[in-house]
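This report refers to the structure that appears directly beneath it.
The values are calculated or read from the model by the stated rules, or taken from the named source; none is laboratory data. Note that the coordinates shown come from a computational prediction; the quantities given were computed from them, not determined experimentally. Reconstructed Cβ throughout: ideal geometry from the backbone, glycine too, with neighbour counts over all protein chains shown.
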Amino acid sequence: MNLKGASRLSGLLTSVVDLHVRLALQEADKEKRRLITGAVILGGGLSFLLLGLLMSQIALILWLRQAYQLSWIAVLLILGGIYLALSGVFLRIGGALLSKPLLPETVAGLTRTTRALTGRL
C-alpha cells in the first residue's frame, strides 16, 4: 500500500471513530439521566419505606396485638412480610430502570461500521 492510500485509510478510520465518539457522548448523556433518575427513585422508595416503618411500626404492632390477641412473634412476622413485599415493589421498579443496556445505539453503530469495513453485511 502506498503512502497516499495509507493516509486515506487513516483519515477514514479517524472520521469513523470521531463519529462514533460523538454518538457515544450523546447517548451517554441520555443514559446518565436515566441512571440518575433510577437511583433517585430507588433512594426515594427506600426512604419512604423507612419513614413508613418508623411512623407506623409501634402503632400497628400494638393494634394487631390488641385486636387479634396475637403473640409478639406473630405480629412481628406479619409485619415483616408486609415490609418485604413493599420494599420488593420499590426495588423492582428502580431495578427495572437501571437494568437497560448502556449505549445500545453506539454498539449498534459500531457493529454496522465494523461489518461494512470488513465486507460482511
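Please give the number of the condition Gly38 fails out of (1) surrounded by fewer than 12 Cβ atoms within 10 Å (Cβ to Cβ); (2) of a type outside the set (S, T, N, Q); (3) closer than 30 Å to Leu97 by Cβ. Tallying (1) surrounded by fewer than 12 Cβ atoms within 10 Å (Cβ to Cβ); (2) of a type outside the set (S, T, N, Q); (3) closer than 30 Å to Leu97 by Cβ, Gly38 fails exactly one: (1). Of the residues making up the range 1-47, just one is of a type in the set (Lys, Arg), closer than 17 Å to Pro104 by Cα and more than 18 Å from the chain's Cα centre (by Cα), namely Arg22. Applying a threshold of 8 Å to beta carbon distances and a minimum spacing of six or more residues, or different chains, the list of pairs starting in the range 42-63 at a residue that is farther than 28 Å from Leu98 by Cβ and ending at one that is assigned to a helix (DSSP H, G or I) and at pLDDT 85 or above reads Gln57/Leu79; Leu60/Leu79; Ile61/Trp72; Ile61/Val75; Ile61/Leu76; Ile61/Leu79. Kindly evaluate Leu13 against the criterion of being surrounded by 11 or more Cβ atoms within 10 Å (Cβ to Cβ) and hydrophobic (A, V, I, L, M, F, W, C). Considered against the rule, which asks whether it is surrounded by 11 or more Cβ atoms within 10 Å (Cβ to Cβ) and hydrophobic (A, V, I, L, M, F, W, C), Leu13 comes out as yes.
Gly80 - would you say it is closer than 30 Å to Gly109 by Cβ, assigned to a helix (DSSP H, G or I) and without any contact (Cβ under 8 Å) to a residue 40 or more places away in the chain? Criteria not met by Gly80. Go through the residues of the range 57-64 one by one and say whether even a single one is assigned to a helix (DSSP H, G or I), polar (S, T, N, Q), within 23 Å of the chain's Cα centre (by Cα) and surrounded by 11 or more Cβ atoms within 10 Å (Cβ to Cβ). The answer is no, given that none of the residues of the range 57-64 is assigned to a helix (DSSP H, G or I), polar (S, T, N, Q), within 23 Å of the chain's Cα centre (by Cα) and surrounded by 11 or more Cβ atoms within 10 Å (Cβ to Cβ).
Any residue at all in the range 66-76 that's modelled with pLDDT under 85 and assigned to a helix (DSSP H, G or I)?
Here is the first cut: in the range 66-76, the ones modelled with pLDDT under 85 are none.
The answer is no; no qualifying residue exists.
Within the range 81-107, restricting attention to residues that are modelled with pLDDT of 90 or more and loosely packed, with under 13 Cβ neighbours inside 10 Å, the residue that is farthest from the chain's Cα centre (by Cα) is Gly81.
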